[in-house]
1. Just to verify a result, which residue in region 3-44, among those that are among the acidic types (Asp, Glu) and over 46 Å from the mean Cα position of the chain (by Cα), is least open to solvent (accessible area, probe 1.4 Å)?
2. Taking region 181-199, which residues are within 16 Å of ligand 1 (Cβ to nearest atom) and either open to solvent by less than 20 Å² (accessible area, probe 1.4 Å) or outside any strand (DSSP E or B) (or both)?
3. Of all residues in region 130-149, which are within 16 Å of His196 (Cα to Cα) and either within 16 Å of ligand 1 (Cβ to nearest atom) or open to solvent by 20 Å² or more (accessible area, probe 1.4 Å) (or both)?
4. Count, please, the residues in region 283-339 that happen to be assigned to a strand (DSSP E or B), out of contact with any Ser or Thr (no Cβ under 7 Å at 6 or more places or on another chain) and closer than 22 Å to Pro218 by Cβ.
5. From the list Tyr24, Tyr6, which one is without any contact (Cβ under 8 Å) to a residue 60 or more places away in the chain and either assigned by TED's automatic domain parsing to the domain that holds Val179 or not in a loop (DSSP other than H, G, I, E, B) (or both)?
6. Residue check: is Thr153 open to solvent by 20 Å² or more (accessible area, probe 1.4 Å), in a loop (DSSP other than H, G, I, E, B) and away from ligand 1 (no atom under 16 Å from the Cβ)?
7. Within the bounds of region 208-231, is there any residue that is in a loop (DSSP other than H, G, I, E, B), open to solvent by less than 20 Å² (accessible area, probe 1.4 Å) and within 16 Å of ligand 1 (Cβ to nearest atom)?
8. Considering only region 163-180, state which residues are small (Gly, Ala, Ser) and within 8 Å of ligand 1 (Cβ to nearest atom).
Amino acid sequence: MAKDYYGILGVKRDSTADEIKRAYRRLAREFHPDVNPDPVAQEKFKEINAAYEVLSDPRKREMVDLGGDPLAPAGGGGGPAGGAFVGFQDIMDAFFGTTSSRGPRPRTRPGADAILRLDLDLHETAFGVEAPITVDTAVVCGTCSGAGTAPGTHPQTCEICGGRGEVQSVQRTFLGQVVSARPCSACQGFGTVIPHPCGTCGGDGRVRTRRTLTVKIPSGVEDGMRIRLAQQGEVGPGGGPPGDLYVEIHERPHDVYSRKDDDLHCRVTVPMTAAALGTRLTIKTLDGEETVEVKAGTQPSSTLRIRGKGVPHLRGTGRGDLYVHLDVRTPTRLEPEQERLLREFARSRGEEVAELSKQGGFFSRMRDAFNGHA
Ligand SMILES: [Zn+2]
Ligand SMILES: [Zn+2]
């Protein structure tokens, strides 16, 4: 495997000669055996010098950029150990340079949105309510404030990738040598490792908790609507900025009213006689009671409209209407006296009413009429 010389110096692949020189000087000062007698530091110092030797020489640097290793032992070649297969994507990446400048990924990332269902009664959706909600989301860990490290400790630069967050490998393919970069498995691409993770969050920087919020539901909301509470969603990994919380309104079915947009509908049963003679009805509305007039001669399936007694409009002023659907009910059972009166009524209107108990009544004559025997 070719050494990642850019990673060792912590510079980008497109760095200028000057940037490389500055990075080298800084690291050399830090790891010079005179200041840092630690054997690991001495090893590091050698690496830094080798990397600078390569990258400060335009000819050697070009070899590195083509995937080679100018310092590799003769015949070493830099081929894949065990002839690992190089995927087509790797080759494309190498040709189009998509892997060259990714760098370490940040530990802190934005959190996800959360959604919560809120069941409300018609009264609440119509007139609004302040509803307490219980939210179960990730919040910033109180012990480490999102850093993920145990108190008094810090993340350390990953030794495997030198802080780049990715490791490069050079492989031989039918197209020649190909450099491919993969996220560093030692640090998951972060470029740093947390040697002592926070005991509370395990290094994630966030913990799940349950909290109670009050959400203000405006009047006139509808089933399925979502109310956005900014930044009340999930806190991101590493204590990243929280997403939003959406409260989705679900309106419970009402015993009496069904809702269509901002109009309400209800059904009221009216006896046949009341429909014929006219009457007054007291209707329960969302706000109280309303007296409406059923005109004499009202037909089955008639509708009364009570203006402004529906649901308030969410935007603007005004309200929907309440529609009262009238079910005109025919009596199912008549006392003998009632039947006599009804027959007399029919006779007085010249209506023919058959006696169903007798043979050859109304329906039999109807059938004869259809068959042309009348
Ligand atoms: Zn790493
Ligand atoms: Zn923590």
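The values are calculated or read from the model by the stated rules, or taken from the named source; none is laboratory data. The structure displayed is predicted, hence computed values, not measured ones. Note: ideal-geometry Cβ built from the backbone for every residue, glycine included; neighbour counts use all protein chains shown. Ligands, DNA and RNA are stripped out before the accessible areas are found, and what is left, the full protein with its side chains, is counted by its heavy atoms. Shrake-Rupley method; radii C 1.70, N 1.55, O 1.52, S 1.80 Å.
1. Top of the filtered list is Asp38.
2. Within region 181-199, Ala181, Cys184, Ser185, Ala186, Cys187, Gln188, Gly189, Phe190, Gly191, Ile194, Pro195 meet the criteria.
3. Thr143, Ser145, Ala147, Gly148, listed by residue number.
4. Number of matching residues: 1.
5. Step by step, each of Tyr24, Tyr6 is checked, and only Tyr24 is without any contact (Cβ under 8 Å) to a residue 60 or more places away in the chain and either assigned by TED's automatic domain parsing to the domain that holds Val179 or not in a loop (DSSP other than H, G, I, E, B) (or both).
6. Yes: the conditions hold for Thr153.
7. no
8. Listed by number, the residues that qualify are Gly163, Gly165.
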